[in-house]
Amino acid sequence: MNAFDTTIVRWLNDSAVSLPVIAFVVPFSAHTFSYIIGVVFAVFVLLPVVPRYRHLWPKHRAMIITTVAGVVVARFIIVEAIRLLYDRARPFEVLPGLHQFISPSGYILQHTGGGSFPSGHAAFFFALAAGVLPYYKKTSIAFFMAALVISVSRIIGGVWDAQNDKSDMA
């Protein structure tokens with residue numbers, strides 16, 4: 001990690017330690033919230049099963065295809081291709097004294113080293129939100145906000161890296 005990334009991760013992590021509610025919010029937002037968003041998305045796309053909303057089926061079918069394709073390409077092709085070329089350590093591996101809200105060997109998440117950049121979680125949930133955008137602009141805002149909350153929580157928790165700029169790529 002470079003100085004810029006270290007500064008961001010330390011500042012977020014140290015700020016969070018001073019707020020007791022963060023001990024619950026960060027693990028929840030970084031892990032459990034992901035499953036909740038997945039269930040919300042599934043209910044949303046299955047809405048045309050209800051007879052009253054059956055007329056939405058063609059639109060939802062197109063959205064499902066677009067979203068699944070986007071998620072697969074973003075998370076499982078682009079992220080993994082970049083990780084093959086650029087393996088980046090997770091903050092808990094390289095920053096001594098980092099408070100881990102999400103332990104790499106703990107109950108909530110188990111992580112091995114490396115694979116910090118690009119974030120698979122961020123790619124997945126931002127691709128999901130982008131898949132909803134052409135069909136439901138207002139609803140996509142909620143999915144984009146959820147993706148942002150999940151991503152930032154993983155930075156604060158010391159699992160994901162603050163590499164959302166090109167600071168180390170130059």
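No lab work stands behind these numbers, since they all come straight from the coordinates. What you see is a predicted model, and the numbers here were worked out from it, not measured in a lab. Positions of Cβ are generated from backbone atoms using ideal geometry, with glycine treated the same way; all protein chains shown enter the neighbour counts.
Annotation: peptides 13-19, 121-127, ranked by per-residue average of other Cβ atoms within 10 Å with the highest first, follow the order 121-127, 13-19. Take the Cα of S15, step 7 Å toward its Cβ, do the same at F28, and the gap between the two points is 2.0 nm. Other residues lying with their Cβ under 15 Å from the Cβ of A129 contribute a combined charge of +3, Lys and Arg counting +1, Asp and Glu -1. For the residue pair I65 and R83, what label-to-label distance in nm results when each label sits 7 Å from Cα along the Cα-to-beta-carbon direction? In this crude label model, I65 to R83 measures out at 2.9 nm.
Peptides 25-31, 69-75 ranked from most to least packed by the mean count of surrounding Cβ atoms within 10 Å: 25-31, 69-75.
The HN-Hα couplings worked out from phi for region 31-41 by the Karplus form 6.51 cos²θ - 1.76 cosθ + 1.60 (θ = phi - 60°) are 10, 4, 4, 4, 5, 4, 5, x, 5, 4, 4 Hz, whole numbers, x standing for Gly and Pro. Sorting the segments 49-57, 4-12 by their residues' average number of neighbouring beta-carbon atoms within 10 angstrom, most packed first, yields 4-12, 49-57.
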